[in-house]
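The structure appears right after this line, and notes come after that.
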Amino acid sequence: MTGTVDLDAAVAAREETHESGSAPRRHGLLEVGRNCRTIARADRFALLIDGSDYFSVLREALLAAERTIFIVGWDIDSRMRLVPGETGDGLPGPLGEFLQALSARRQRLRIYVLAWDFAMIYAFEREWMPVYQTGWRSQRGIVFRQDGTHPRGASHHQKMVVVDDRLAFVGGLDLTRSRWDTPAHAADEPRRRDANGVPYGPFHDVQAMFDGDAAAAIGALVRERWQRSCGKRIAVRAHRAVEREADPWPASAKVELRDVMLGISVTQPPYRLYDAVQDIQALTADAIGAARNNVYIENQYFTAAVVREALASRLARNDGPDIAVVVPRVQSGWLQEATMGVLRARLHRALVESDRYGRFRMYCPHVDGLGNGCVNVHSKLMIIDDTLITVGSANLNNRSMVLDTECNVTIDANGDGRIREAIAAWRNRLLAEHLDVPDAAVSSALSQKQRLNAAIETLQRREGRTLRPFTPVVTADLDALVPLNAWLDPERPIEPDALVREFIPESRHKSLTARFLLLGALVLAAATMAAVWQFTAVGHHLNLAELVQLIRRIDALPLAPVIVLTGYVVAAVISVPITVLIAATGLVFGAWPGIGYALGGTLLSALATYGLGVLLGRDAVRRLAGTRANRLSERLGAQGIVTVIVLRLLPIAPFTIVNLVAGASHIRLRDFMIGSTFGMVPGILLTVTFAHQLLNAIRHPGVGSVAAMLAIGMALVGISVMLQRWLGRRK
């Protein structure tokens with residue numbers, strides 16, 4: 001089966017027709033089935049540069065929506081403001097409240113929001129979705145869903161909004177925090193603050209806006225995503241123009257190009273019944289291969305193998321183009337800097353080595369007064385000569401080529417002079433923004449120099465805002481640590497077992513058993529301390545009278561079993577370490593009934609917190625468990641009972657966290673309880689016995705009691721050795 005599904009007949013018909021008949025299979029460089037999904041006509045097109053331009057126009061378009069709004073994003077935050085300060089339209093500022101008010105005002109309007117069901121590693125960077133979703137449940141006209149229908153390790157990365165199937169927005173800007181900025185990218189912009197009032201740095205991105213059949217095609221793509229994710233088909237009637245319907249194009253937005261064919265390209269990983277689609281990878285190679293004079297690139301990442309091969313091939317030729325790549329100086333976050341930053345440095349080094357004629361440059365947009373001096377470039381745009389422009393969600397990394405879900409739109413001038421002028425104007429406007437010069441100055445420099453990098457060099461400044469040459473450098477130690485194919489940027493879809501090995505490498509097993517050896521050593525140290533207490537003057541200073549009386553009172557209570565079991569459940573919910581509970585049980589009740597109480601309490605608390613995980617769901621558990629939750633969820637889903645046993649035996653994560661993640665991940669209850677029983681019994685036996693012997697050694701000093709504790713410590717060491725050998729056989 002291919003990567004498409006049957007859609008509403010009317011919408012499908014709109015995708016396949018335009019004024020001159022059926023939609024073309026080829027248009028210039030664009031070819032359906034090779035480097036694009038479809039080619040469709042846009043009556044009007046504009047390039048919205050930076051968040052202030054896009055978000056204000058988007059709010060205007062949403063206010064005019066009559067039937068449907070579709071919002072698709074990698075991240076969506078209900079607290080973000082499309083327009084900082086006063087809106088002037090009488091509706092609330094925050095996105096969630098704005099859409100709620102819009103839905104209440106227009107009863108026939110339906111709003112569909114589809115956000116990536118994000119990996120738990122991003123949990124603390126995002127808004128908590130259960131709160132977000134609950135806030136919209138009161139609005140019948142708003143449907144919010146999270147989309148996790150993709151292979152392990154992948155993400156849904158598209159950023160699209162469609163209004164009434166008549167107006168579409170595609171690009172790199174999510175409706176989330178820390179995206180709004182003006183083209184000035186001033187270091188001290190007071191309006192650049194997130195929902196919590198925290199300032200953030202300059203942010204540069206690009207979004208395309210268009211209407212016509214191309215907008216309807218994006219609507220069909222969005223509904224296809226919705227059907228895959230939610231299992232429900234959304235039928236949208238084909239639009240028939242009538243006089244009473246308002247023009248969907250926002251009045252404040254300038255039409256920059258009319259009557260143009262758009263290629264819509266996607267990346268779709270293989271999943272379930274759907275085949276892989278790698279339009280964007282083919283488009284990237286084809287576009288670079290077609291370049292004659294200049295290649296202008298803006299991208300958040302720069303690591304893709306297809307980019308390395310295509311650019312290196314062009315740089316090796318004596319008639320190759322100038323290549324200018326605009327990137328952020330640093331990758332966002334330590335994890336990206338330690339992986340994507342290293343991969344970018346390697347790609348840069350490879351291209352410099354291939355650059356026989358000195359035509360490759362990498363730049364970052366410098367602004368005085370910033371901490372690192374550089375604007376955060378988040379755009380995903382490439383302009384080839386003045387003949388082709390592609391913009392969308394796809395980064396120039398391997399993930400966007402093969403693994404993540406992406407969407408780009410492309411215009412090929414195909415010999416049309418007016419389209420060539422528009423493409424050249426967009427390139428010049430972007431360069432003028434970064435160089436802080438008029439558009440005309442860029443146009444003049446290009447006319448004089450004919451080569452892109454030579455023109456940039458004539459406009460660069462030594463001080464103030466400008467484009468500065470940038471050479472990414474990483475330390476040799478960090479370079480050696482990152483593998484050639486880092487899991488954050490794979491060149492092919494990741495197998496589930498390989499992903500688990502990436503998160504928990506086999507070498508980690510040794511460190512885990514080392515921890516168990518350490519535990520045994522601590523037990524031996526405790527036994528030694530007990531001997532010191534008994535056979536030295538230290539023991540004379542210990543007053544056990546009150547402790548003995550307390551033990552006797554608890555043990556004598558008629559409801560002691562109920563109190564103990566209830567205490568286990570309460571303690572587990574508030575995350576009291578299970579080892580402390582078991583040890584306390586051994587101290588109070590002795591070896592028996594202490595072992596029975598500990599086993600019963602442990603399993604009951606495991607069942608209770610498992611149920612709590614089921615009730616809370618994945619998102620709430622993400623907040624409690626943080627980044628470790630992904631790792632545990634992967635392991636729990638891998639081998640059922642055996643994995644639960646290992647998690648109980650080895651100190652990978654706290655007892656309560658394991659239970660919550662198991663419940664939220666819908667691990668079979670039978671497997672969970674059987675694995676917990678077999679995994680907890682050895683530790684309970686040893687811990688309760690040790691605690692009992694420790695109390696005996698204190699209360700009744702003697703060689704026998706200390707020897708018993710030493711034996712328990714040796715048993716723990718022996719268990720760790722057996723685990724080491726068992727895990728070694730599994731490698």
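D213 - would you say it is in contact with a His (Cβ under 8 Å, 6 or more places away or on another chain) and either not β-branched (V, I, T) or not in a strand (DSSP E or B) (or both)?
The answer is yes for D213.
Tell me the residue from R465, R427 that is surrounded by 20 or more Cβ atoms within 10 Å (Cβ to Cβ), under 22 Å from A184 (Cα atoms) and in contact with a Pro (Cβ under 8 Å, 6 or more places away or on another chain), please.
None of the others qualify; the one that does is R465.
Take the residues in the stretch 142-163 that are assigned to a loop (DSSP other than H, G, I, E, B) and modelled with pLDDT of 90 or more, then tell me which one is nearest to the chain's Cα centre (by Cα).
Filtering the stretch 142-163 for residues that are assigned to a loop (DSSP other than H, G, I, E, B) and modelled with pLDDT of 90 or more, the one nearest to the chain's Cα centre (by Cα) comes out as H157.
Going through the stretch 172-191 one residue at a time, which ones are more than 21 Å from the chain's Cα centre (by Cα) and farther than 15 Å from G369 by Cα?
D181, T182, P183, R191, listed by residue number.
Considering only the stretch 82-97, state which residues are at pLDDT below 95 and crowded, with 20+ Cβ neighbours inside 10 Å.
L95, G96
So which residues in the stretch 447-473 are of a type in the set (K, R) and either within 13 Å of H366 (Cβ to Cβ) or modelled with pLDDT of 95 or more (or both), if there are any at all?
R461, R462, R465, R468
The values are calculated or read from the model by the stated rules, or taken from the named source; none is laboratory data. Note that the structure is a prediction, hence the values are computed from the model and not measured. Heads up, the Cβs are rebuilt from the backbone with ideal geometry, glycines too, and the neighbour counts pull from every protein chain shown.
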